[in-house]
Amino acid sequence: MSAEHPLDRLRPGMRAVVRYRSRTGTADALGRIEALDAEAVELETRRGRQVVPRSDVLLAKEVPPPPSRRGAPHRAISEEDLERAMVDGWPPLEREALGGWLLRASHGFTRRANSVLPLGDPGTPLGAAVERAEQWYAERELPALFALFGQPELEEELRERGYRERVSTLAMTASVGTVVGAAHDVAERHRRSAGSAGLTIAVTREPSEDWLATAAGTRPTDPEVLRHLVTGSPEQVFGEVRDGAETVLAIGRAPFAHVWAGLTNVHVEPSARRRGLATLVTAALAQEARARGIRSIWLQVEEGNAPARAAYERLGFGTHHRYRYLTR
């Protein structure tokens, strides 16, 4: 079996550093990968486009987005870069670029996988861009839904067209190390209590059928749509807490993209709530992120869900930014 090439784990769209042979020894190219094939890798760097022949590559790895301000990495990332990372943590079935906008559709399952994410200039006048997005969703028999995190001019345009805010969501971030420590303390207290007897915690690379059935029960959808959404990231792991080897009591998922971890699909069965099981799942998933050398983790929670927000804050999460869904 041939050895893996350093570029084999990379793909277009990633931000990466590539070390390669040069005329003077070795050099590094840092930037966004624009093209990658059997011959070379092309990166957009601060100095412009750079093409590195595959045969000259010595080392290559993905790196996080650059900081946009001072502070810890999970706070210093820009809103736009965090939104991009979260897209790949919850990848839609369909996506299409409209200039800097991203149109996402997944047969209506979840708002974030079926909404417009305006990450920049749509490349066309604002009114025309909105009409193109509306047409795109109408072709899929879906309502046009916009996820705004700022964008005052777009919000004004939408409100003039009769759009109204429906849901406000918080993007929360934390240091993986902080979450591991806080969750571990809670988990240890739980393990020493009577409520931990008979529980098993497992983390797997693929979702079990019980995991999928539990996730589908929280928001019914086509099984294949659900499977795509939860397995479509560059990498992900699935956590579950069982009562012995039988009943699934709690689940969670951690996607890994752009050298960030995410936390999604956290659910505890109603009969098992208030036992700290969500924290047990979070602890196991955060440990997986730390084992991969990942330093930062994100999650998304509705602003009005005060109990969930309080639970995440106890684990070290803080609000990075707020975004709102607008639709007619």
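The values are calculated or read from the model by the stated rules, or taken from the named source; none is laboratory data. The model shown is predicted, which means the values in this text are computed figures rather than measured ones. Glycine gets a Cβ as well: all are built from the backbone with ideal geometry, and neighbour counts include every protein chain shown. Calculation scope for accessible area: heavy atoms of the full protein, side chains included, ligands and nucleic acids excluded. Shrake-Rupley method; radii C 1.70, N 1.55, O 1.52, S 1.80 Å.
Put +1 on the Cβ of every Lys and Arg and -1 on every Asp and Glu Cβ in the chain; which of L30, F317, L226 then has its Cα farthest towards the positive end of the dipole?
F317
Taking the Cα centre as origin and putting +1 on Lys and Arg beta-carbons and -1 on Asp and Glu beta-carbons, what dipole magnitude results for the chain, to the nearest 20 debye?
Details: 45 positive and 44 negative charges, 241 e Å.
Dipole magnitude for the chain comes out near 1160 debye.
Report the relative contact order of the range 1-51, percent, no decimals, based on alpha-carbon pairs under 8 angstrom and at least 6 residues apart.
Numbers: 69 pairs, mean separation 12.9, N = 51.
Rounded, it is 25 percent for the range 1-51.
From the phi of every residue in the range 249-259, what ³J(HN,Hα) in whole Hz does the Karplus formula 6.51 cos²θ - 1.76 cosθ + 1.60 yield, where θ is phi - 60° and glycine or proline is x?
So the J values, rounded to whole Hz, are 9, 8, 9, x, 9, 10, x, 10, 7, 6, 6.
Pull up the DSSP beta bridges for the chain and report the antiparallel fraction as a percent, rounded to 5.
Numbers: 72 of 76 bridges.
Antiparallel bridges make up about 95 percent of those DSSP assigns within the chain.
Can you list the HN-Hα couplings for the range 112-121, worked out from phi with the Karplus curve (6.51, -1.76, 1.60; θ = phi - 60°), rounded to whole Hz and with x for Gly and Pro?
5, 8, 9, 9, 7, 10, x, 9, x, 6
Quick one: which residues, 5+ away or cross-chain, put their amide H under 5 Å from the amide H of A40? H built at 1.01 Å from N.
R54
Which label marks the calculated value of Cα extents along the principal axes in Å, given the options [x] 65, 57, 40; [y] 55, 49, 45; [z] 88, 63, 39?
[x]
Using label points projected 7 Å from each Cα along Cα→Cβ, tell me how many nm separate S55 and R132, to one decimal.
Each label point is offset 7 Å from its Cα along the Cβ direction, giving 4.1 nm.
In percent, what relative contact order does the range 74-220 have, based on Cα pairs under 8 Å that are 6 or more apart in sequence? Don't jump to the answer; show the numbers that get you there.
Values: 111 pairs, mean separation 22.4, N = 147.
That works out to 15 percent.
Going highest first, how would you order 301-311, 26-36 by mean Cβ packing within 10 Å?
Details: 301-311: 13.5, 26-36: 16.2.
Ranked from most to least packed, the peptides come out as 26-36, 301-311.
Among P125, I77, Q151, pick out the residue whose Cα is farthest towards the positive end of the charge dipole of the range 57-180, where Lys and Arg carry +1 and Asp and Glu carry -1 on C-beta, about the Cα centre.
The residue sitting farthest along the positive end of the dipole is I77.
Give the carbon-plus-sulfur fraction of the accessible surface of the chain in %, rounded to a whole number; probe 1.4 Å, heavy atoms of protein chains only.
Working: 7770 of 16310 Å².
So the carbon and sulfur contribution to the accessible surface is 48 percent.
Below 8 Å between Cα atoms, with a sequence gap of 6+, how large is the relative contact order for the chain in percent?
On the way: 625 pairs, mean separation 63.2, N = 328.
That works out to 19 percent.
Once the piece of chain linking E44 and V167 is laid out straight, how much longer is it, given 0.36 nm per residue of separation minus the C-alpha distance between them?
On the way: separation 123, 0.36 × 123 = 44.28 nm, distance 3.63 nm.
Extra length from E44 to V167 when fully extended: 40.7 nm.
Can you give the accessible area per residue of the chain, in Å², using a 1.4 Å probe?
Details: 16310 Å² over 328 residues.
With the other protein chains kept in place, the chain gives 50 Å² per residue.
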